[in-house]
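So the structure is just underneath, and the comments pick up after that.
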Amino acid sequence: MQQYTWLTAVLTTHTHEDFLQCLTLHSEKDKPISNIIYTPSNSSYSSALNSYVRNTRFSTPSTPKPRVIVTPLGVSQIQETLYCAQKHRIQVRVRSGGHDYEGLSFVSPEPFVILDMINLRNISIDVENNTAWVQSGATLGELYYWIANKSRTLGFPAGVCQTIGVGGHFSGGGYGTLLRKYGLAADNVLDAHLIDVKGRFLDRKSMGEDLFWAIRGGGGASFGVIVSWKIKLVPVPANVTVFRVRKDLEQNATKILHRWQLVVVKTVFDPTNFFRNEQSIPPLSF
Ligand SMILES: Cc1cc2nc3c(=O)[nH]c(=O)nc-3n(C[C@H](O)[C@H](O)[C@H](O)COP(=O)(O)OP(=O)(O)OC[C@H]3O[C@@H](n4cnc5c(N)ncnc54)[C@H](O)[C@@H]3O)c2cc1C
């Protein structure tokens, strides 16, 4: 244990400078890293760190802070970051939307670097084939916006909070209002681009079905950095009616919930059947 403490202390004083030097050495000449690096001495460091800390319990003065924040613009800069972090034994935390309940994407007890996907948020929609490629740094809101922008009758089954990042959400499962009909976000992933711990750039074919299965629910950061996802878009009605009925227990809330349970199972497989079978649902008096 004593040896571990000593080692940590040495790493704390040296690694982040070595890490930065390594990144400078290995970065491509036409892609200087100075524009994508934030350190505590940089005036934009705090805003780079806190703008994607979605749980303010992890934003106190005593919360451990990253030595460096790297905001890659492409695959090669992710590979360089992983290489240099391993070489200088500094931990990497991957962050997309920063909604992790435990702050795992931006807090660590060890000296660490945040690999922030904020610049990797490209979304490309293929309406003809009902598919899209979305980079991990995009938010669900951005994804929904661009799908709706291209088609009124396509959607994607994922969460309800629009600021969630695609990277953490898809790799953790992702449930939302279309769950009953179309399953989780992860169920509708067709392919993915991942960089593994050795810096290899893999797609579904080259990573194999086991790893592809694991990153759809097993937590992405356990397996690598997921750069982008190919997703299947699902048919939705062009018009949706949303309404809210507020009832408490004295106003029959229990009966309403009971009736809802009878209704909802009929919307799972075939919504048209629901209307045909509506007669079989016992009437409810308010
Ligand atoms: C306000 C709020 C509302 C929510 N609503 C819903 C909801 O409606 N439905 C639902 O299913 N969930 C919901 N969640 C949970 C949310 O989906 C998860 O917390 C999800 O992991 C957040 O993803 P993120 O990218 O925003 O978070 P991050 O904190 O960036 O990442 C979460 C985890 O994934 C890892 N990770 C992130 N990006 C990558 C990447 N590119 N490659 C590899 N690993 C990566 C991180 O290291 C971390 O371990 C909600 C959470 C909050 C705080």
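In the condition set (1) within 16 Å of the ligand (Cβ to nearest atom); (2) within 30 Å of residue 160 (Cα to Cα); (3) at pLDDT below 95, residue 100 is compliant with all but (3). Look through region 168-179, keep the residues that are of a type outside the set (S, T, N, Q) and in a helix (DSSP H, G or I), and return whichever of them is least open to solvent (accessible area, probe 1.4 Å). Result: 170. Under the condition of being open to solvent by less than 20 Å² (accessible area, probe 1.4 Å) and either part of a loop (DSSP other than H, G, I, E, B) or within 6 Å of the ligand (Cβ to nearest atom) (or both), the residues counted in region 145-167 number 7. You will find that of 59, 76, 34, the residue that is more than 14 Å from the ligand (Cβ to nearest atom), surrounded by fewer than 20 Cβ atoms within 10 Å (Cβ to Cβ) and free of Cβ contacts under 8 Å to residues at least 12 places away in the same chain is 34 and no other. Quick check, is residue 68 among the aliphatic types (A, V, I, L, M) and crowded, with 23+ Cβ neighbours inside 10 Å? Judged against the criteria, residue 68 is a match.
If the condition is being of a type in the set (Ser, Thr, Tyr) and either assigned by TED's automatic domain parsing to the domain that holds residue 63 or assigned to a helix (DSSP H, G or I) (or both), then region 134-144 contributes only 144.
So that you can scan it fast, the table gives a plain yes or no per residue for (1) touching a Pro at 6+ places or on another chain (Cβ under 6 Å); (2) crowded, with 17+ Cβ neighbours inside 10 Å; (3) within 23 Å of residue 157 (Cβ to Cβ):
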site: 198; (1), (2), (3): no, no, no
site: 206; (1), (2), (3): no, no, no
site: 212; (1), (2), (3): no, yes, yes
site: 215; (1), (2), (3): no, yes, yes
site: 220; (1), (2), (3): no, yes, yes
site: 225; (1), (2), (3): no, yes, no
site: 230; (1), (2), (3): no, yes, yes
site: 236; (1), (2), (3): no, yes, yes
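Selection of region 205-221 for residues being outside any helix (DSSP H, G or I) and under 20 Å from residue 175 (Cβ atoms) yields 215, 216, 217, 218, 219. Look at region 155-170: where a residue is acidic (Asp, Glu), no partner that is in a loop (DSSP other than H, G, I, E, B) and open to solvent by 10 Å² or more (accessible area, probe 1.4 Å) sits 6+ places away or on another chain with Cβ atoms under 8 Å. When residue 182 is tested against (1) within 12 Å of the ligand (Cβ to nearest atom); (2) surrounded by 17 or more Cβ atoms within 10 Å (Cβ to Cβ), just one condition goes unmet, and that condition is (1).
Taken over region 79-91, residues that are within 14 Å of the ligand (Cβ to nearest atom) and either assigned by TED's automatic domain parsing to the domain that holds residue 147 or out of contact with any Ser or Thr (no Cβ under 7 Å at 6 or more places or on another chain) (or both) amount to 4. A residue that is in the same structural domain as residue 27 (by TED's automatic domain parsing), of a type in the set (Phe, Trp, Tyr) and not in a loop (DSSP other than H, G, I, E, B) occurs nowhere in region 121-133. Looking across region 37-53, the residues that are surrounded by 19 or more Cβ atoms within 10 Å (Cβ to Cβ) and either among the β-branched types (Val, Ile, Thr) or away from the ligand (no atom under 16 Å from the Cβ) (or both) come down to 37, 38, 53.
The values are calculated or read from the model by the stated rules, or taken from the named source; none is laboratory data. Everything numeric in this text was worked out from a predicted model, so none of it was measured. Note that each Cβ is placed from the backbone with ideal geometry, even for glycine, and that neighbours are counted across all protein chains shown. Calculation scope for accessible area: heavy atoms of the full protein, side chains included, ligands and nucleic acids excluded. Shrake-Rupley method; radii C 1.70, N 1.55, O 1.52, S 1.80 Å.
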